[in-house]
Amino acid sequence: MSFFRNRNRPDLDAELESHLQMSAADHQDRGASAQQAAQDAHRELGNIPLIQQTARDQRSIAAFFDNLLQDIRFALRTLRKNPGFTTIAILTLTLGIGANTAIFSVVNAVVLHPLPFKNASRLVDIGGHSTTFDFSHMYMSLPDLNDVSSTSKTVTDVSIYSYGSKEVVVDGKPDSLDGSNITENTFSLLGLRPILGRAFTSDDMHPGIHVVILNHRIWRDRFASDPNVVGKTMLLDGEKHTIVGVMPELPKMDFLTDADLWTPFQPTPDQLSERNKRTAGIAVAALRPDTTIEQAQRELGQISTRLAETYPDSNKGWSIYPMLLKTALVGDTSKPLLVLFGAVGFVLLIACANVSNLFLSRGWARRREFAIRSAIGASRGALLRQQLVECTIVALIGGASALLLSVWIVRSLRQLLPPETPRLENISVEPRVAIFTLVVSLLAALIAGLAPAFLSVRGDVNVTIKESGASAGRTHNFLRKSLVVAEVALALILVIGASLAVQSFSRMIHINAGFRTDHLVTMHIDFPQFLYEKPEKSHRSLHFVEQVIADARALPGVESASASLIYPMSDYIAESQFTVDPAADPKQHSGQMVRSNRVTPDFLQTFGIPLLVGRDFNSGDSANSPQVFIASESFARKVFGTPNALGRRVSTDVKDGKFVWGTIVGICGDVRERDLNASPTLYAPLSQAKDLDGISLAVRTRPNPTAVIGAIQSTVWALDKTRPITDIKTIDQKIEEHSASQKSQSLLLAIFGGLGLLLAIIGVYGVMSYLVTQQTREIGIRIALGADPQKILRMVIARSVKLSLIGVAIGLIASFGLTRFLSSLLYNTSPTDPLTFATVAVALIAVAVAASATPARRAMHIDPIRALRHD
């Protein structure tokens, strides 16, 4: 930069020297002495340094870099001479920018980054939707999916996938791997290629073909990254499967790509022919060119209507709903993250307001300096630029510090965010985040420095030089007070949002789940399908379950034990398609899906679910006995319009083309699942199940339930060492896992709300201290004339209350609109709760008064003599 300045200086100096010599010679010709001629020549030419500066200013590029370099050097010297001001300003911006950078790194990884698939923006997820119970994203029947594939003009390359575990034996112990069944075009649709071997082909889709593709992690952990693994075999469900490929490492996204391994989708004869068998899976497809997701939703809605009219017995009350794959994967996560991003944006604005107040104070203290510099030739543009450079340096240093701080915050966020957060392991401070930090830093510099800079260079130079140090500028004070009002308003919005989130989380964890959650441990026991032939599988499995329950109940410390297909708060759900007896209830819902469960006697007792009407299951409800059901209260109300549905007939099975009717013998209380909703549920005896792939064992204990886990495992393996035992957790642990998202969101909002409140308190304190200092002379005169110190105290506090009231009023109005964005994230909490709004408003005013107490007390004890001498 100095190159441009120094390269032209000799020519400019020579030109000025030549002009002075010619002018001096002209004065000597008129009779002046040599000394007098030189003085007259200098006087006529004027301020030589100013002429040099003006000449440099006319050379745009050279002037720009030259002036910028001078401004940077001057700003650094000035900031170095004022370490207190510099440190506070940098720390304030570091907190604001650091919080924004950390949250942006999460938003960037989870929401903004495209999915790691080909044409990810055009991929759609297609699932079934049951209108009766508002169940969404459910498995569909293969005929329905084939109709979509063959008739749709908006989506193409329809690929089916489903989930299912696979039993393996590792080190002599049974284990289970998460598997996914996919069609031959699934990986090609996603643009994924194996790093070893090949993908599936159409030949692999035929029944009896046993091939498998491995997840990268399984290949690394179980096959030691063997490059020759392709062609080897592994035992899955008792069948040898040939390994044909290994996929690259992919981030976890709660999608089919998370599976440990993939096997071909080989539908059963029932799935191929029966439209009411909604067990095929979900589909992923691609939007056709020049087609929007809205057009696809309309078209698939029309297809659903046509299918319901053509096949009313199986499709009435069902719809097919597509959504963008990215929306399906991050939809539940994006909104909380964007709310947090908005919250830290408010924190940054409050921080900028504080720094702006600091620069206002500093600019007002330096107004004489600026006036003198202006009087000797400095332009307002130069003064303005110099102050903006100073503010930019502060912001950039704060941004650099924030970037370092955000690295630590991101590590903490990875621990704080729930494990199911998509692409959690990808959250990092990457180049895009660094660019964001730079942009935010420059934006903060403009927000914090622009108004103080403009205010510092305006006004009449002569008046500014002559005025006393204690005189005040109305515009200056108005801006400072306005910034405090803005800080209070922003802090109010933040604290209200945090309070609502904390209330929501508190109510969620204290909600009545409909059953006793204490001292209850659960685990899943798989039944390897390949061990038994189907005719004897059910009988042997039921006998095994009875033995396990009996042995578990005999363990020390065990109160009760029961078995079921699933259990409340588990990660899995089970649905059955039900039909109501048309002879008794011709207008009732039929052909719909309902949450279902098969349980052993004493299941309700073990979980503490109340039996409201009728009886529990007993040993007489065997496989050869008439079908019986226990319905939840919400099922009875939804389907039959009454909580007392005893004796009503329902079917969940078809045999030889006829419904198998069962009778409702009991009504039990509703149980809240992991989404905290009480879903209508139909319970049936486990003993009447046709086939069992596994059970969930629940044991209630007197001591800590984890103390009996080892004994329960030994009991199971003593009966049959081939049974894999997975998902061993207490119900309390399950509830904690399911509430992790709301907990982290509430905690982060509380932290940001507290940070915003702290910055607002600092702002109120700073302004009130400044106003007291500014009015030292006036207060001294009042005291000298006999004013009551208590009156001075009330006057100062009244100003603080006035500013706070204005900020609170603005914040309340804004909160009524903005907190509505929280409505979908709150549980049993109104986003406009009057008590919360009133409590936070009063608390914030009280805090503002407390912040002004110290300046107010200082005003009471001002020495009149010193005050009269104050300049």
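What to note about this one:
- Largest accessible area first, the residues Val211, Val801, Val842 order themselves as Val842, Val801, Val211 under a 1.4 Å probe with ligands, DNA and RNA left out.
- For region 238-278, projected area of the alpha-carbon convex hull averaged over all directions, nm²: 4.8 nm²
- Contour minus Cα-Cα distance for Thr233 and Leu68 (0.36 nm per residue): 52.4 nm
- Thr327 paired with Asn704, simple spin-label distance in nm, labels 7 Å along Cα-to-beta-carbon: 4.7 nm
- Binning all Cα-Cα separations of region 628-677 at 10 Å, short to long from zero, yields these whole-percent fractions: 26, 43, 25, 5.
- In terms of its Cα atoms, region 631-756 spans 65, 47, 30 Å along the principal axes, sorted from long to short.
- Judged by the mean number of other Cβ atoms found within 10 Å, the most tightly packed of the peptides 244-257, 543-556 leads the ranking 244-257, 543-556.
- Heavy atoms of Lys232 accessible to a 1.4 Å probe, total area in Å² rounded to 10: 90 Å²
- Portion, in percent, of the accessible area of region 398-442 that falls on carbon or sulfur, probe 1.4 Å: 69 percent
- Phi-based couplings in Hz for region 106-119 (Karplus 6.51, -1.76, 1.60; Gly and Pro marked x): 6, 4, 4, 6, 8, 9, 7, 5, x, 5, x, 10, 5, 6
- Estimated at 0.36 nm per residue, the fully extended path between Glu430 and Arg553 surpasses their Cα-Cα distance by 38.8 nm.
- Tyr827, Tyr683, reordered so the largest accessible area comes first (probe 1.4 Å): Tyr827, Tyr683
- With a 1.4 Å probe rolled over the protein heavy atoms of all chains, the accessible area of Glu299, Glu294 falls in the order Glu294, Glu299, largest first.
- Calculated FRET efficiency for the pair Lys240/Ser121, C-beta based, R₀ 41 Å, to 0.05: 0.50
- Separation between Cα centres of region 149-208 and region 659-735, rounded to whole Å: 29 Å
- Ligands, DNA and RNA are left out, and with a 1.4 angstrom probe the accessible area of region 649-713 is 40 Å² per residue.
- Among beta bridges that DSSP assigns inside region 595-667, antiparallel share in %, nearest 5: 60 percent
- Label separation (Phe223 vs Arg540): 3.0 nm, computed from points 7 Å beyond Cα along the C-beta direction.
- Expressed as a whole percent, the accessible area of region 637-689 that falls on carbon and sulfur atoms is 43 (1.4 Å probe).
- Rolling a 1.4 Å probe across all protein chains gives Thr652 an accessible area of roughly 40 Å².
- When the surface is traced with a 1.4 Å probe over the full set of protein chains, Tyr572 keeps roughly 140 Å² accessible.
- For the residue pairs Lys335/Lys481; Lys655/Lys729; Lys166/Lys729; Lys252/Lys743; Lys166/Lys658, the alpha carbons lie more than 26 Å apart in Lys335/Lys481; Lys655/Lys729; Lys166/Lys658.
- Paired Rg and Dmax values of region 205-352, which use every Cα atom, in angstrom: 22.0, 67
- Ranked by how many other beta carbons lie within 10 Å on average, peptides 506-512, 261-267, 726-732 from highest: 261-267, 726-732, 506-512
The values are calculated or read from the model by the stated rules, or taken from the named source; none is laboratory data. Everything numeric in this text was worked out from a predicted model, so none of it was measured. We place every Cβ from the backbone using ideal geometry, glycine too, and count neighbours over all the protein chains shown. The protein model used for the area step is the full one, side chains on, heavy atoms only, and it has no ligands, DNA or RNA in it. Shrake-Rupley method; radii C 1.70, N 1.55, O 1.52, S 1.80 Å.
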